[in-house]
Structures are given as structure tokens and as C-alpha cells.
Amino acid sequence: ATLALSLFAAARVKSVYNRFSRGSVLSGRTGAEAAALILNQAGIRDVEIAHHDEVLGDHYDPLRKRLVLSSQNYFGSSPAALGVAAHEAGHAIQHARAYQPLHWRMAAVGITTYASQIVMWLPLLGWFTGLIQPMMAATLLAAAWGIIMLFNLVTLPVEFDASRRAKAVLGRMNLIAPGSEAAAVNQVLNAAAWTYVAAFITSLLYFLWHLLPLLGARQRD
């Protein structure tokens, strides 16, 4: 069920993005130009805007203060390009304004990376070596999935807030026109938000999957 949910969310965001990545907005601005204007309007002038060739690999790197857009969004002037660029600019604004959930997520990256390694390798280690007792394995997996679940939970307000900022600033700065262009940006960002919701639901279910047997065993004891 979680695999189906994740696949549906990924397929939906790709479908919506592809639909609205054609054509050009009336303002004629590219994603890179829109991001630069938004950051400048917010008084942020120390963030580098770069591009790479990975499709939908757009992100903001708070450690390097680097906003990275795919080439299609960097040079493109479609509603999808401006929506994605404004969303990543929203993360840069969060960073500059010390938005607390973003700092919580940044602080949790390290431990979440370790937790992801545990859920990936511990089951294989247990199956092939038999060195780990089932209850110990279940405890470690429940703890690791709990960390991942909390990380995904904190990610939700970070992503939804960035999208809210993007929708508001694009209209306020006349980078997109009201009507069809605004609706296209809304659909792109709303579809992207579902991928984060799917990730949270998946991690929550796996956390409960490993936790509930432990609670049941403790009650029997």
C-alpha cells in the first residue's frame, strides 16, 4: 500500500509538471530570473543561483546558501519553472528568517541519515547472519523508523510554507498572471506536496509496523 501511494505521488507530480512545463508565462521571466527577483525583494543577496541537468532535482542548500534549479527550470519560463523556482526561493527566505521548522530539519539530517542506513541494512544483516535477535532488530527498526517519521513530519510545514510563500510572491510581483497561470502554479506545487505527505505516511506506517509487536510482547510479559 505504501509503495502504491509513493508511486502514485511520484507519477502525479511528474504528470502535472510535464503538463505545465510547456509554453511561457506572460511576464517572460525565466525561473532563474524569478528566483533572483524574489530573493532581491526579500533583501537576500548572498544566495547563489545555479543549475544542473537533473530533472526535478531542484533544491536549496542552506549550508552553501545555494539555490539549485534544473536546466529546464533555470532557463525555462513556463508556469512550472517559475513555481519550482519560487518554491526554492521560499526555502532561502525561510533560512534567512530563521524559520524554526527548517532549522529542526537541518539539525536532524545527520541522525536521519544513520536511521536510513539502519532500515536499509539491518534486515539484510539479520536474515543472512542470524546474529541479531528478533526483538532487538524490531526495537532498532522501530527507533530508526521513528526518527525518519519525525523528520518527514517536520518536513511537511517546511515544504507547505515554502509553497505558500511561492504562490503569494509570484502573484504579488506580477511574475505570473492571475487565472490560468496562477492555477497552473498551484497544481504543480500541490502535486509536489503530495510526495512529502506520501513519505510521511509511509514512514509512519513502518514505524507502527515495528512498534506495535513490541508493545504487544511487553503486555504479554
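Bear in mind that the values in this text are calculations on the coordinates, not laboratory data. In this text, all values refer to a predicted model and were calculated from it rather than measured experimentally. Cβ coordinates were reconstructed from backbone atoms using ideal geometry, including for glycine residues, and neighbour counts include every protein chain displayed.
A compact table of results
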{"quantity": "Percentage, to the nearest whole number, of Cα pairs in the range 148-221 over 14 Å apart", "calculated": "68"}
{"quantity": "Cα Rg over Rh - the range 1-112, Kirkwood", "calculated": "1.01"}
{"quantity": "Cβ charges +1 (Lys, Arg) and -1 (Asp, Glu), total dipole of the chain, debye", "calculated": "340"}
{"quantity": "GNM result for the chain, Cα springs below 10 Å: residue of TYR196, TYR60, TYR99 fluctuating most strongly", "calculated": "TYR99"}
{"quantity": "Fluctuation leader among ALA177, ALA92, ALA34 - the chain, Gaussian network, Cα springs under 10 angstrom", "calculated": "ALA177"}
{"quantity": "Gain in span if fully extended, GLN133 to ALA10, counting 0.36 nm per residue against the direct Cα distance", "calculated": "40.7 nm"}
{"quantity": "Axial C-alpha extent at least 30 Å, average Kyte-Doolittle at least 1.6 - helices from the chain (DSSP)", "calculated": "none"}
{"quantity": "Top positive-direction residue, dipole computed over the chain with Cβ charges, set ALA198, LEU124, ASN186", "calculated": "ASN186"}
{"quantity": "Simple Cβ-charge dipole of the range 98-187, Lys/Arg +1 and Asp/Glu -1, about Cα centre, in debye nearest 20", "calculated": "200"}
{"quantity": "Among ALA32, ALA193, ALA137: highest mean-square fluctuation, GNM of the chain, C-alpha pairs under 10 Å", "calculated": "ALA137"}
{"quantity": "Selected from ALA108, LEU39, LEU3, residue furthest toward positive end of dipole (the range 1-108; charges at beta carbon)", "calculated": "LEU3"}
{"quantity": "Value of [θ]222 nm, deg cm²/dmol, for the chain, DSSP H segments ≥ 4, -39500 (n - 2.57) each, nearest 500", "calculated": "-26000 deg cm²/dmol"}
